[in-house]
Amino acid sequence: MPETTQDLTALADDHLNAARADAHGRSARLLVHDGPLRQSVIALTSGSALDDHVTPPAASLQVLRGKVRLTTEAGGEHLLAAGELWAVPKERHGLLAVEDAVVLLTAVTATA
């Protein structure tokens, strides 16, 4: 676990600025790595995406800023806005920033 408190507001600001300067419109940082627990902050500029990928055994997505669209391979679509928390479906999924956005991804992996 981190030795100091994480200021999510400051991290969101920093990573959104970094994403705006990035050619792919993305910035991310692993904040917590404790056994199977991982927490990462991910910033995406409007229109930027994380392509379909495999879901860990358990995960949630909390939107800190902006709006994102979570899509699933079964054709599901969930629009999430700042302040919302969603359990990530246990299937391949992708994430699209509908507007500049920052999310906190919490995942539990199968192995420590």
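The values are calculated or read from the model by the stated rules, or taken from the named source; none is laboratory data. From a predicted model like this one, the values you see are computed outputs, not experimental measurements. Please note: Cβ atoms are built from the backbone with ideal geometry, for glycine as well, and neighbour counts cover all protein chains shown. Areas reflect the complete protein model, heavy atoms only, side chains present, ligands, DNA and RNA absent. Shrake-Rupley method; radii C 1.70, N 1.55, O 1.52, S 1.80 Å.
Details
- Count - residues of the stretch 87-111 that are more than 23 Å from G25 (Cα to Cα) and either of a type in the set (D, E) or in contact with a His (Cβ under 7 Å, 6 or more places away or on another chain) (or both): 1
- Unique match (being open to solvent by less than 60 Å² (accessible area, probe 1.4 Å) and assigned to a helix (DSSP H, G or I)) among A12, A59: A12
- Single residue of the stretch 64-99 satisfying the filter (over 13 Å from A43 (Cα atoms), touching an Asp or Glu at 6+ places or on another chain (Cβ under 8 Å) and assigned to a loop (DSSP other than H, G, I, E, B)) that is most open to solvent (accessible area, probe 1.4 Å): E73
- Boolean, V41 is closer than 13 Å to V103 by Cβ and either among the β-branched types (V, I, T) or part of a strand (DSSP E or B) (or both): yes
- Residue that is of a type outside the set (F, W, Y), over 15 Å from L105 (Cβ atoms) and open to solvent by 90 Å² or more (accessible area, probe 1.4 Å), where the choices are A18, A23: A23
- Only a single criterion out of (1) among the small types (G, A, S); (2) part of a strand (DSSP E or B); (3) open to solvent by 50 Å² or more (accessible area, probe 1.4 Å) is not satisfied by S46, namely (2).
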